[in-house]
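Heads up: the structure comes next, in structure tokens.
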Amino acid sequence: MGFSTIAIHAGNEPDTATGAVSVPIYQTSTYAQEGLGKHKGYEYARTQNPTRSALEKNIAALEGAKFGYAFASGMSATDAVLKLVKAGDHVLLGDNTYGGTYRLFARVLANYGIEFDLVDTTDISKVETAFKPNTKMVFVETPTNPVMSVTDLQAVSEAAHANGAKVVCDNTFMSPYLQQPLALGCDIVVHSTTKYLNGHSDSVGGFVALNDEEDAQWIQFIQNSVGAILSPMDSFLVLRGTKTLAVRMEAHDRNGRQVANFLAEHPKVLKVYYPGLVSHPQHELAKRQQKGFGGMVSFETGSLENAKKVLESVKLCILGESLGGVESLISHPATMTHASVPVEKRKTLGITDGLVRISVGIEDVEDIIADLDQALS
Ligand code: P1T
């Protein structure tokens, strides 16, 4: 079956009690049991909820995964995956990730004995030499937030497996419509469903998709034991969102390309970060690995003053954190999403004070471009 058919039907069977076509929001904390140990498979809503189960089947199917688990946020999904490693284990972390992911490693997991090193995963030779005897996991984001670096997932997976490590890919920027990490050899996919999967800027959530049964059982155990579950209402919202994922991603991709081209030719823009531009260092890899380039575009304005002018002059684009919604959002990575990354590290990655990031929405692209044009001038 094709992607959209799976998106609309996987997990979305009509309700057995009423025939409701849309999966009901099972807003309950517990379930009546017929007798001791006799129940319909649902005991307590942290452990099982039918709305969440429907979403879990849905996104797992979209990622081509056997198992999927929905969490309260992207960060809690990542945290659950990091519970596959133990104190004394070592993780290779891509040197550019969402600031919150870096913060989780540097400020939280480090306190629990999880060692990590940052590595430029766009250069496979750097990955190959970074393994240590205790390396158990490689965690990458591709394309990265916010400088859009692209990692060869197949090459990283081969290197990791040769060294006895698992590969986790944060697929938030692409969504399963534009990139399928498990098919490229990765072991685990994580998402912030807050972004494209939900797509309407009205829910915070996360997801873990994987094929290994033993790891899946542990993730499920963590989901229940720690309890950072996605609520029934949010599960419903994301399930509603994924039905239109394909059409939304096509529109984000179309608009993203046009906005990137416009910015690349603008005299006030010093540099544009977008894998769809032939000038992007991993353009050929992105063409091969992704079905499109998506709607995330970053650009360099030269200074904090210039960035501030653009960010405060836009009228249609909304100044705010997050991404992946139908509306265009504009942000300042250095002071917003990546403020927790040390300033020296930010500089080497290109996360300067002049960097502006746009999550290109699915409005009429002429209106987005006109807004950016007036803000830049
Ligand atoms: O916000 P949350 O749902 O917990 O997801 C965290 C997260 C994980 N991975 C990536 C690639 C992300 O971009 C994010 C969250 N990012 C933003 C809020 C942002 O504006 O970049």
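The values are calculated or read from the model by the stated rules, or taken from the named source; none is laboratory data. Everything numeric in this text was worked out from a predicted model, so none of it was measured. Heads up, the Cβs are rebuilt from the backbone with ideal geometry, glycines too, and the neighbour counts pull from every protein chain shown. For the accessible areas, the whole protein counts, side chains as well, though only heavy atoms, and no ligand, DNA or RNA atoms are used. Shrake-Rupley method; radii C 1.70, N 1.55, O 1.52, S 1.80 Å.
Worth pointing out:
- Taking every DSSP helix (H) stretch of at least 4 residues in the chain, weighting each as -39,500 (n - 2.57) and dividing the sum by the residue count yields a mean residue ellipticity at 222 nm of -10000 deg cm²/dmol.
- Annotation note: chymotrypsin sites (Phe, Trp or Tyr not before Pro) in the range 1-37 located in DSSP loop regions with a Cβ neighbour count of at most 13 within 10 Å are absent.
- Geometric extent, Cα atoms of the range 208-352 - Rg, Dmax (angstrom): 18.7, 54
- For the range 343-348, 3J(HN,Hα) computed residue by residue from phi via the Karplus equation (6.51, -1.76, 1.60; θ = phi - 60°) reads 4, 5, 5, 4, 4, 5 Hz, glycine and proline entered as x.
- Solvent-accessible area of the chain (1.4 angstrom probe, protein heavy atoms only): carbon and sulfur portion equals 53 percent.
- Mean-position separation - Cα centroids, the range 286-329 and the range 77-98, in angstrom: 27 Å
- Across His266, His39, His283, mean-square fluctuation computed from a Gaussian network of the chain (C-alpha pairs under 10 Å connected) peaks at His39.
- Sparse-neighbourhood loop sites, trypsin sites (Lys or Arg not before Pro) in the range 158-254 - DSSP loop, at most 10 other Cβ within 10 angstrom: none
- These residues, Glu213, Glu250, go from largest to smallest accessible area, 1.4 Å probe, as Glu213, Glu250.
- Whole-Hz couplings from phi, Karplus 6.51/-1.76/1.60, listed for the range 245-261; x for Gly and Pro: 4, 4, 5, 5, 5, 4, 6, 4, 5, 4, 5, x, 4, 5, 5, 4, 5
- Sorting Ile8, Ile330, Ile229 by accessible area puts them as Ile8, Ile229, Ile330; the probe is 1.4 Å, largest comes first, and only protein heavy atoms count.
- Highest-MSF residue in the chain out of Pro143, Pro176, Pro342 [GNM, Cα springs under 10 Å]: Pro342
- Low-density loop cleavage sites - trypsin sites (Lys or Arg not before Pro) in the range 1-98, where at most 16 other Cβ are within 10 Å (DSSP): Lys40, Arg46, Lys66, Lys86
- Derived scalar couplings ³J(HN,Hα) [the range 59-66; Karplus, 6.51 cos²θ - 1.76 cosθ + 1.60; whole Hz; x for Gly, Pro]: 6, 4, 4, 5, 8, x, 10, 6
- Cβ-Cβ distance of Thr47 and Glu305, R₀ of 56 Å, FRET efficiency by 1/(1 + (r/R0)^6): the value works out to about 0.60.
- Within the chain, the ratio Rg/Rh, alpha carbon atoms throughout and Rh by Kirkwood, equals 0.98.
- The range 194-229 and the range 1-42 have their alpha-carbon centroids 18 Å apart.
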